[in-house]
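Notes for the one structure printed next.
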Amino acid sequence: MPAKSRFNRLDAFTKTVEDARVRTTSGGIVTITSLLVVFWLVWGEWADYTRVIVRPELVVDKGRGEKMEISMNITFPRVPCELLTLDVMDVSGEIQMGVMHGVSKVRLSPESEGSKVIEIKALDLHKDEASHLDPEYCGECYGAPSPAHAQKAGCCNTCDDVRDAYASISWSFGRGEGVEQCDREHYAEHLDEQRKEGCRIEGGIRVNKVIGNFHIAPGKSFSNGNLHVHDLENYFKDETHTFTHKIHNLRFGPQLSDVVVQDMQKKHQATGPAGWTNHHINPLDGTDQKTDEKAYNFMYFVKVVSTAYLPLGWEKEAPRSAKHDDLLGATIDGTYKGSIETHQYSVTSHKRSLLGGADDENHKERVHARGGIPGVFFSYDISPMKVINREVRPKSFSNFLVGLCAVIGGTLTVAAAVDRALYEGVNRVKKMHSN
């Protein structure tokens with residue numbers, strides 16, 4: 001048997017001759033409708049194939065010896081900048097008292113005048129080098145040992161040097177009356193001038209990625225044995241000082257640009273509910289706390305979760321340089337397509353009067369302990385788990401082809417059945433009328 005005849009016997013798609021085909025108006029309508037449906041469904045398959053979704057994963061965080069950036073912008077309308085101190089400490093034993101680098105203090109006009117910006121001052125070490133003094137000058141430390149970071153060993157040439165010397169042996173400093181360096185720098189006059197002012201602390205600090213805390217409290221801080229102490233004398237001298245505050249922004253990790261955040265939101269919306277939003281990342285943003293008590297503190301207990309965002313093709317993108325990562329306040333913009341390492345956090349808060357006693361009328365059974373330091377305290381804990389948000393395509397190319405064949409074949413099959421039913425129905429109606 002010829003090869004051609006063998007293939008003819010295997011033909012599953014038998015044909016009819018042209019003379020046996022019948023074309024109808026209903027068939028044309030069904031054909032056009034089916035083609036439109038096919039195009040619509042094919043477009044849906046293509047959109048589904050090109051769609052990018054975010055698939056979350058939960059893994060154990062195996063990072064070791066990492067650093068974490070904390071960025072803050074907090075306003076204290078009733079405490080002057082001269083009195084505020086930022087301290088950081090963690091369970092590794094590292095203590096940063098009176099943090100100087102990466103943070104700025106913004107002097108604000110009194111609250112009654114609208115808390116407008118007066119001056120922005122970066123907290124740099126040795127801000128007053130006393131360059132106008134005699135090179136041979138050696139200021140007295142008034143019975144205290146010279147601080148380790150003094151510009152001239154064994155001397156206290158500035159008011160800050162004397163304050164640090166007093167703090168090193170846990171002496172109260174007060175307004176610096178009778179201290180020649182402070183009289184020269186008009187320290188007491190500056191305190192009086194700023195007495196009614198407010199302050200905004202903004203900037204970033206870099207900490208070890210371990211359990212720790214940072215706080216903003218009044219007065220010079222120092223360690224007394226195992227105790228962390230603040231010199232509160234100047235704070236309690238004025239009745240208007242309270243720790244009413246507003247947290248404009250508190251962020252753990254690098255700043256994400258608006259373009260990056262909007263792109264994340266768009267892809268999370270394509271995935272389903274619970275998309276990535278700014279509020280989800282920084283729940284303390286916009287927090288406003290008020291008090292009229294001087295001896296009052298606010299505590300925020302933060303649970304930090306490491307979070308990675310892996311865009312499509314992130315493996316091919318060169319990683320960000322270590323130099324860029326070490327830069328405080330660096331922003332990840334839309335041009336960067338590599339992996340984004342950041343942090344999310346949840347928070348609970350607590351506030352209490354340092355005078356102790358019962359709580360408000362709604363919780364009379366609750367009694368607060370007496371004592372403590374007025375201020376705003378942030379205690380952060382690091383979760384052992386890490387969230388990875390990975391961008392993926394829900395369909396592979398082979399799944400797209402399968403869907404395409406199913407759409408075309410299924411639509412044409414249904415269209416053929418509808419056309420056949422219409423054709424048979426019209427013929428029966430014609431026969432009934434002819435009879």
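The values are calculated or read from the model by the stated rules, or taken from the named source; none is laboratory data. Predicted model, so just to flag it, every value in this text is computed and none were measured. No Cβ is skipped: glycine too gets one built from the backbone with ideal geometry, and neighbour counts run over all protein chains shown. Areas reflect the complete protein model, heavy atoms only, side chains present, ligands, DNA and RNA absent. Shrake-Rupley method; radii C 1.70, N 1.55, O 1.52, S 1.80 Å.
Laid out as a table, the results:
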| item | result |
| --- | --- |
| Filter result for R51 (of a type in the set (K, R), more than 35 Å from the chain's Cα centre (by Cα) and over 24 Å from V305 (Cα atoms)) | no |
| Within the range 162-196, considering residues that are among the acidic types (D, E) and in contact with a helix residue (DSSP H, G or I) (Cβ under 7 Å, 6 or more places away or on another chain), the one modelled with the highest pLDDT | E185 |
| Filter pass, H248 being over 25 Å from A153 (Cα atoms) and either surrounded by 17 or more Cβ atoms within 10 Å (Cβ to Cβ) or aromatic (F, W, Y) (or both) | no |
| Odd one out for C81 among (1) at pLDDT 90 or above; (2) surrounded by 11 or more Cβ atoms within 10 Å (Cβ to Cβ) | (1) |
| Residue satisfying all of: in the range 373-392; among the charged types (D, E, K, R) and modelled with pLDDT of 85 or more; nearest to G63 (Cα to Cα) among these | K386 |
| Subset of the range 395-416 (residues that are part of a helix (DSSP H, G or I), over 29 Å from V22 (Cβ atoms) and touching a helix residue (DSSP H, G or I) at 6+ places or on another chain (Cβ under 8 Å)) | F397, N399, F400, G403, L404 |
| Those residues of the range 392-421 which are among the hydrophobic types (A, V, I, L, M, F, W, C) and open to solvent by 80 Å² or more (accessible area, probe 1.4 Å), in sequence order | F397, V402, C405, L412, V414 |
| Index of the failed condition, P384 passing every other in (1) outside any strand (DSSP E or B); (2) open to solvent by 70 Å² or more (accessible area, probe 1.4 Å) | (1) |
| Yes/no for L354 being open to solvent by less than 70 Å² (accessible area, probe 1.4 Å), among the hydrophobic types (A, V, I, L, M, F, W, C), at pLDDT 90 or above and at negative phi | no |
| Residue in the range 216-234 that is surrounded by fewer than 16 Cβ atoms within 10 Å (Cβ to Cβ), out of contact with any strand residue (DSSP E or B) (no Cβ under 9 Å at 6 or more places or on another chain) and on the phi > 0 side of the Ramachandran plot present | yes |
| Residues satisfying the stated conditions in the range 143-192, i.e. in a loop (DSSP other than H, G, I, E, B), of a type in the set (F, W, Y) and either more than 18 Å from V229 (Cβ to Cβ) or open to solvent by 70 Å² or more (accessible area, probe 1.4 Å) (or both) | W171 |
| Residue match in the range 33-54 (condition: surrounded by 13 or more Cβ atoms within 10 Å (Cβ to Cβ), among the polar types (S, T, N, Q) and modelled with pLDDT of 85 or more) | yes |
| Positions within the range 193-215 being of a type in the set (D, E, K, R), touching a residue at least 12 places away in the same chain (Cβ under 8 Å) and open to solvent by 60 Å² or more (accessible area, probe 1.4 Å), in sequence order | R195, K196, R206 |
